[in-house]
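*Asks:* Please see the structure below; I have some questions.
Nothing in this text is a laboratory measurement; each read-out follows from the coordinates by a stated rule. Since this is a predicted model, take the numbers as computed values, not measurements. When we count neighbours, we look across all protein chains shown, and the Cβ atoms used for this are built from the backbone with ideal geometry, even at glycine.
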Amino acid sequence: MSKLVAPSILAADFANLQRDIEMVNNSDADWFHIDIMDGVFVPNISFGMPVLKAISQHANKTIDVHLMIVDPDRYIQTFADLGADILTVHYEACTHLHRTIQAIKAAGMKAGVALNPHTPIAVLEDIIKDLDLVCIMSVNPGFGGQSFIENTYKKVQQLKNLIEFSEASTIIEIDGGVTNKNANKLIEAGADALVAGSYVFKSDNPTETIADLKALIN
């Protein structure tokens, strides 16, 4: 399959959100990546439900929602109702991960699990075949614009090995500090989807930046 680019709306201009959503709609991007933060699991607060509802009304591409919240089980159906196509929860926030994954799928969404930089790939061994996506955090979650953690390449290789060994069809997504400087190396390590926030939205021409990144990895 072709490699995917998912601009992170966290880095968009909130005062011109519809403009930026239309830009992504009309670009070569594949997904909208939307971070939901509660100020408890991570030291930041981002979008709430009304903003996600507004985004989903205008977005015409896959909506990839990344929950950085405690007790995500409470809101699974809500995010399905708001238009999420993929719902990713953090391994570190789920006491009963298998149950959470089943609930996401029962609500009609694809199910993903995100791992913080310090969390080893091995924790997914027993559940990898149930996952549509694994999001490897290449920065510590909570804020955009952070520097890329170099150990990520090794984790991507380990995850790719686990997926192949388990004969799973899980997509590997990388979130944090992605630029044209590390994109190729991430794809070579086994990544399938790259989340890019500041790199896209802080550039002079976001549409062109997305096109260049997409061309670079395919």
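*Asks:* Normalised by the residues of the stretch 56-187, what does the relative contact order come to in percent, with Cα pairs under 8 Å and at least six apart?
*Replies:* Relative contact order comes out at 20 percent.
*Asks:* Give the distance, in whole Å, between the Cα centre of the stretch 139-171 and the Cα centre of the stretch 22-87.
*Replies:* With the stretch 139-171 and the stretch 22-87 each reduced to a Cα centre, they are spaced 21 Å.
*Asks:* Let me ask something else about it. Within the chain, what is the longest stretch that has no trypsin sites (Lys or Arg not before Pro) placed in a DSSP loop and near at most 14 other beta-carbon atoms within 10 Å?
*Replies:* It runs 1-180.
*Asks:* Moving to a separate point now. Give me the extension gain from ALA215 to MET1: residue separation times 0.36 nm, minus the current Cα-Cα distance, reported in nm with one decimal.
*Replies:* Full-extension gain reported as 75.6 nm.
*Asks:* Given the options VAL113, VAL70, VAL178, state which has the largest fluctuation in a GNM of the chain using a 10 Å cut-off (strictly under) for Cα springs.
*Replies:* Result: VAL70 has the largest fluctuation of those listed.
*Asks:* Let me ask you something else. In 10 Å bins starting at zero, report the fraction of Cα pairs in the stretch 153-218 per bin as a rounded %.
*Replies:* Whole-percent P(r) values from 0 Å outward: 21, 48, 23, 7, 0.
*Asks:* Counting helices only, and only those DSSP H runs with n ≥ 4, report the 222 nm mean residue ellipticity of the chain as the sum of -39,500 (n - 2.57) divided by its residues, in deg cm²/dmol to the nearest 500.
*Replies:* Result for the chain, helices only: -9500 deg cm²/dmol.
*Asks:* Springs between alpha-carbon atoms under 10 Å, Gaussian network over the chain: tell me which of ASP28, ASP132, ASP13 tops the mean-square fluctuations.
*Replies:* Checking each option, the largest mean-square fluctuation is seen for ASP13.
*Asks:* Please give every one of the lysines within straight-line cross-link reach of LYS214, meaning a C-alpha to C-alpha distance under 24 Å, and leave out same-chain neighbours fewer than 8 residues apart.
*Replies:* Once the sequence-local lysines are set aside, what remains near LYS214 is LYS3, LYS61, LYS110, LYS154, LYS155, LYS160, LYS181, LYS185, LYS202.
*Asks:* Something else now. Given 0.36 nm per residue, what is the gain on full extension from GLN102 to THR78 after removing their alpha carbon distance, in nm?
*Replies:* 7.1 nm
*Asks:* Taking all pairs of different Cα atoms in the stretch 33-88, averaging 1/r and flipping that mean, what Kirkwood radius in angstroms comes out?
*Replies:* Evaluated on the stretch 33-88, it is 11.3 Å.
*Asks:* What share of all Cα pairs of the chain, in percent, falls into each consecutive 10 Å distance bin?
*Replies:* Pairs per bin, as whole percents: 8, 37, 40, 14, 0.
*Asks:* Given springs between every Cα pair under 10 Å in a Gaussian network model of the chain, which of LEU67, LEU17, LEU131 has the largest fluctuation?
*Replies:* Result: LEU17 has the largest fluctuation of those listed.
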